[in-house]
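A short write-up of the structure that comes next.
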Amino acid sequence: MSTQERDWYQRAGVRSGPRRQLTDELVTGRAFFPPALVPYLDHPLVTELGEAGRRELLARHLFQYLDFTAQFETRVVNRATDRIAGNRCGTDTDVAVRLDAYRIYCDEGYHSLYSLDVVQQVSRASGVPQLPYDFGPFLRRLDAVGTEALPYEPALAQLLQVVVFETLITAVLNDIPKDPDVLTVVRDIVRDHAKDEGWHHAFFSRFFRELWTRESAGSRGRIARCLPELIRCSLLPDLRPIRASLTAAGLAPSAVEDVVHDSYPPASVDQGIRRASRHAVRLFEEVGAMAVPGGAAAFEAAGLLP
């Protein structure tokens, strides 16, 4: 057994991690989610809701993040990972790579399990109900990017979705584990997730490099022109659940639109996308995606280059 295999069997969260459980920290006033990562929380119309109202918004923001995570891992990441593991990704895949893909498949299913588990724990203890969340519109938007750029290569489009997402570095995974004001159970599961994702990042970076070398010149051009929109689609804030949460907090429809408009200005959204995508963009630049016809122009048009 290789060192990498031993590491997974001994260190992967699904193999060795305990079930993370909420303690009695709610009475201490610890935050459900870092306020600095919730752009609308300090909007004047939101502050008028009072501390209790803002606290409920933070709880629902946590639920939204974890619900998205649970569904993305199974419906997007594992959809493509299953292709790799089952040797159905368009090219013959080495057995060692397929085994790693199955390990990642297990990891992602476990991430979904404990995400929903913590939502239920926190919702029951806090009394804040989880709002319904429909992942379908996000998934259709993400799939539409691949359909437009790679209409005859659906498997490739799904692989690129996962390569993009698994090489992004978001503030949530970086910042929450370090924030002592956030509930310990939330910090713990995000830290657990980040540890696994570090290995996934390395796997999909290697996988993309190998995939790129196998593709024809024409296919590389289509890939390079598809990647920027996949990045933007993956990182654009999903405003539907935010609107639903603000409405549940008691804001009128016009006030909800004012808060959303003021809290997510295009310049700030674009800056956040560039920051979170810098490692992915560097990977794509290193393999030569900027050098193929139309590649650099596509990244530039998407606002991903400095």
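The values are calculated or read from the model by the stated rules, or taken from the named source; none is laboratory data. Computed from a predicted structure; not experimentally measured. Here Cβ is always computed from backbone atoms with ideal geometry, including for glycine, and neighbour counts include all displayed protein chains.
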(request) Could you figure out which of (1) within 30 Å of THR23 (Cα to Cα); (2) touching a residue at least 12 places away in the same chain (Cβ under 8 Å) isn't true of ARG79? (result) (1)
(message) Could you check segment 125-150 and list, in sequence order, the residues that are more than 26 Å from GLY29 (Cα to Cα) and among the hydrophobic types (A, V, I, L, M, F, W, C)?
(response) PHE135, PHE138, LEU139, LEU142, ALA144, VAL145, ALA149, LEU150
(request) For segment 255-306, enumerate the residues that are under 16 Å from LEU235 (Cβ atoms) and part of a loop (DSSP other than H, G, I, E, B). (result) TYR264, PRO265, SER277, ALA302, GLY303, LEU304, LEU305
(message) Please pick out the residue among VAL190, VAL186, VAL172, VAL164 that is part of a helix (DSSP H, G or I), surrounded by fewer than 18 Cβ atoms within 10 Å (Cβ to Cβ) and of a type in the set (A, V, I, L, M, F, W, C).
(response) VAL172
(message) Need pairs with beta-carbon distance below 6 Å; first residue in contact (Cβ under 8 Å) with a residue 12 or more places away in the chain and at negative phi and within segment 244-256, second aliphatic (A, V, I, L, M) and surrounded by fewer than 20 Cβ atoms within 10 Å (Cβ to Cβ); sequence gap 6+ or separate chains.
(response) ALA244/LEU131; ALA249/LEU49; ALA255/LEU45
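One line per residue, one yes/no per condition, for (1) aromatic (Phe, Trp, Tyr); (2) touching a Phe, Trp or Tyr at 6+ places or on another chain (Cβ under 6 Å); (3) not in a helix (DSSP H, G or I):
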| position | (1), (2), (3) |
| --- | --- |
| THR23 | no, no, yes |
| LEU26 | no, no, no |
| LEU62 | no, yes, no |
| TYR65 | yes, no, no |
| ALA80 | no, no, no |
(request) Please find, within segment 82-109, the residue that is modelled with the lowest pLDDT out of those that are assigned to a helix (DSSP H, G or I), β-branched (Val, Ile, Thr) and surrounded by 15 or more Cβ atoms within 10 Å (Cβ to Cβ). (result) VAL97
(message) Every residue in segment 129-146 that is touching a helix residue (DSSP H, G or I) at 6+ places or on another chain (Cβ under 7 Å), surrounded by 14 or more Cβ atoms within 10 Å (Cβ to Cβ) and either among the small types (Gly, Ala, Ser) or not in a loop (DSSP other than H, G, I, E, B) (or both), please.
(response) LEU139, LEU142, VAL145, GLY146
(message) I'd like the full set of residues that are closer than 23 Å to PRO44 by Cα and among the aromatic types (Phe, Trp, Tyr), limited to segment 259-306.
(response) TYR264
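May I ask you to say which residue of LEU150, LEU183, LEU168 is under 19 Å from PHE284 (Cα atoms), over 18 Å from the mean Cα position of the chain (by Cα) and not charged (D, E, K, R)?
Going through LEU150, LEU183, LEU168 in turn, just one is under 19 Å from PHE284 (Cα atoms), over 18 Å from the mean Cα position of the chain (by Cα) and not charged (D, E, K, R): LEU150.
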